[in-house]
Structures are given as structure tokens and as C-alpha cells.
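The values are calculated or read from the model by the stated rules, or taken from the named source; none is laboratory data. Since the structure is predicted, the reported quantities are computational estimates derived from the model, not experimental observations. FYI the Cβ positions are ideal-geometry reconstructions off the backbone, even for glycines, and counts take in every protein chain you see. Please note that ligands, DNA and RNA were not included when accessible areas were found on the heavy atoms of the full protein model with its side chains. Shrake-Rupley method; radii C 1.70, N 1.55, O 1.52, S 1.80 Å.
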Amino acid sequence: MTSPIDIEDGGTAAVTDDAPKPAKTGEEQSHEGRSPGQLMWLRFKRDRTGVVSACVVLLYFVVAALAPLIAKAYGKNPYTLYSREPEYPFLLDDFAMPSGSFGGMSGDFWFGVEPKLGRDVFTMLLYGMRTSLYMAVLVTTLCVVTGVLIGMVSGFFGGRVDYWLGRVTDFFLAFPQQLFFIAFMPVVTAMFVSPQDETPTYLRAVAITLVMWFLGWMGLARLVRGSVLTLREREFVEAAKVSGASPWRIVRKEILPNIVTPILVQATYILPSTILSIAFLSYIGVGFVEPTPDWGRMFAIGADVYEQDPMFMFFPGVALVVFVLSFNLLGDSVRDAFDPKTGR
């Protein structure tokens, strides 16, 4: 559209109202018409550290899920005492240590053999990974669900509900976790099994899950509560209340989508921490015991023979460090993808 304007010689000139607009950058054009989830995915794909960490974590879960098939193709299992098999007469020396170099590594035993018993380390690691990851996923899921529910109820309703739920959270936070694990695990198992009987593996798994769930949800509950307290005073929540929306709809449609980021990031930190706690329980003898393969139990065995056979602890140690590091880096990358303002 044009309009005339006076000039000094009395004439008129036409000017346009539509001034030229600056060209949009490629990034701005690529972001047009995309949902927040799509933008998060684009930012995450550009983070090489996050992509590599995600691939490593996914590989661990795939290997854990396929552990029986891998062991079958490999031709070994984590329970057979191969030192007593006639086809391996010299697997262990006179001191019950692997007779071969590097912990008995060979074409038959890729990661060597276990001192004293002669079990295959490779399959012990596979099944130990399977045990730890499955347990950690279950415990993390329970802790996240519990923490989110209690945190949202406490923050949204406030008042006496917030006060009493806060005191319950403080009560659980007062427990020293490591000492409580050591003291309470035998109590839980003794409630169902006589001291003269061997505790079944499934019962130990249930006891570990209950204890870790019992003491693992409080940090996330406090985080969610603080986020909800901030959001419930925002204009869009007040508008939902004025429009007559039910509390359940407000929480589900207005508040929960805005706290997905801290929940997801916190979950990526809870899971590796849970794996370390499960390994700790088995290491000190109150978690999984013989013959269940477990990372913590492998560390306990390796601690007794590290001077004679340091290689036995090498592979489970590397596997655990790589997984925990990858999951922590993945959590940082997910956080940065959801909130680019916190980019490193």
C-alpha cells in the first residue's frame, strides 16, 4: 500500500507502508510450525554427547534383554563350574586361580574364568547386567510415580495437606539410607523365610525393591512440590480455575506437562544411582547371593582375589562405570534439549 507525502517543491512522492523485513535465519525457519517435542528432538540430535550416550544406554538394555540368547550362542552359562568339566582339566591352577594369562582369557572364555569355581566371567557379566538393569528400572519407576503423586498433591492443594505430606517426607528423609539398607534387608527376608532356610531369589528381589522404593521417592517429591507451587499461581492455571475446570483436569492438562522436564531429568539420575545401590547391597552380602549373577557380587568376589587375579574385577568395573557415566551424560543432554537456556 502507498500514500502520498509532500516534498519541498510542492510535489508528492509515494512511499510504501510495507517496509522490507529482515530475512529469517535457517534455524528460525526450521523451527516454524514445530511442536515443543519436535524442537526438543532437534536440539537433542545436535548434541553428539547425548546421542552417543543414548546409543550406549540402549545397547546395554538390548544386551540385557538378549542375555539368554547371547549366552546360548556363546555356548556357556553363568552357573556351570567349568573347572570341574572334563574338557577343561587345567582351567584353574593348584591355588584355584585361572591358569591362563589375564584371568584365563581365551577363545573359549572371552573374559576369563572366575577364581576358585571356574565359572565363565562373560556370561556372569551378561546376567549380572540383566539383574541390575531390570531391578533399577522397576525401582526407578516406582519412585518416580510415588514422588510425582505426593509432590503434586502437596503442592497443588497446599494448606494442611502440604504440611502433613511435608512432615512425612521429612520423616523418611531422616533415615540414613545405607545403614537402613543393611539393617532392614535381613528383617524383610526374615519375615517370610525361616533363618534355617535359604531365601529364594525372587523374595530377595522383592525385598530390595521395597526397601529402595521406601527410601527413594522423597527427593523427587520435593522437586515436584516446588515446581507445582510455582505453577499454581500462574495466569493459565487461574484461568482454568475460573473456567470451572476440575482439579484433576488442571493438574493433568495445565501443570503436569510443564513439569515433565525436571521429572524426566531426575529419573535419569535416579536410575544409575539405584544400580549403584543394588550393587552395594550385594557387595556387603545383604542383596543377591549365590548363585544369582550380580554386579555387586562380582565386585565382592573380585575384592578377595584382586591381588592374584585383578582381571576378574576389570570387566564388571568398566561396564558399570561406562553405564553410569553414559546415563548421567544422557540426563544432562535431555535437560539441555528441553531447556536450551541451560545449555553447556
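Details
- Highest average packing first - 128-135, 92-99, Cβ atoms within 10 Å: 128-135, 92-99
- Note on the stretch 235-268 and the stretch 284-334: Cα centroid distance 40 Å, given to the nearest whole angstrom.
- Simple spin-label estimate for PHE157 and PHE102 in nanometres, 7 Å along Cα-Cβ: 6.1 nm
- Table column - 3J(HN,Hα) (Hz), the stretch 269-278, Karplus curve with 6.51, -1.76, 1.60, x for Gly and Pro: 8, 5, 4, x, 5, 5, 4, 5, 5, 5
- For the chain, lysine pairs separated by 8 or more sequence positions, or belonging to different chains, with Cα-Cα distances below 22 Å total 4.
- Backbone N within the stretch 102-119 under 17 Å of label point (7 Å from GLU87 Cα along the Cβ vector): 106-113, 118-119
- Accessible surface, per residue, of the stretch 108-265 when the full set of protein chains is kept, probe 1.4 Å, Å²: 51 Å²
- In order along the stretch 279-284, phi translates into HN-Hα couplings of 5, 5, 4, 5, 4, 8 Hz, rounded to whole numbers, per the Karplus curve 6.51 cos²θ - 1.76 cosθ + 1.60 with θ = phi - 60° and x for Gly and Pro.
- Under Stokes-Einstein, with the Kirkwood radius over Cα pairs as Rh, the value for the stretch 72-118 at 25 °C and 0.890 mPa s is 230 µm²/s.
- With all protein chains in place and a 1.4 Å probe, the accessible surface of the chain carries 64 percent carbon and sulfur.
- Taking 0.36 nm per residue of sequence separation and removing the Cα-Cα distance, the ASP94/LEU66 pair yields an extension gain of 6.5 nm.
- Ranking PHE157, PHE44 by solvent-accessible area of protein heavy atoms (1.4 Å probe, all protein chains present), from largest to smallest, gives PHE157, PHE44.
- Å³ per residue enclosed by the Cα convex hull of the chain: 239 Å³
- Under-5 Å amide H pairs with LEU92, H placed in peptide plane, nonlocal only: SER99
- The stretch 212-296: mean projected area of Cα convex hull, nm²: 7.0 nm²
- Structure-based [θ]222 nm, the chain - -39500 (n - 2.57) summed over DSSP H runs of at least 4, per residue, nearest 500: -20000 deg cm²/dmol
- 3J(HN,Hα) couplings calculated from phi for the stretch 143-153 with the Karplus curve 6.51 cos²θ - 1.76 cosθ + 1.60 (θ = phi - 60°) are, in sequence order, 5, 5, 4, 5, x, 5, 4, 5, x, 5, 4 Hz; Gly and Pro show x.
- Exposure rank, largest accessible area first [MET105, MET298; 1.4 Å]: MET105, MET298
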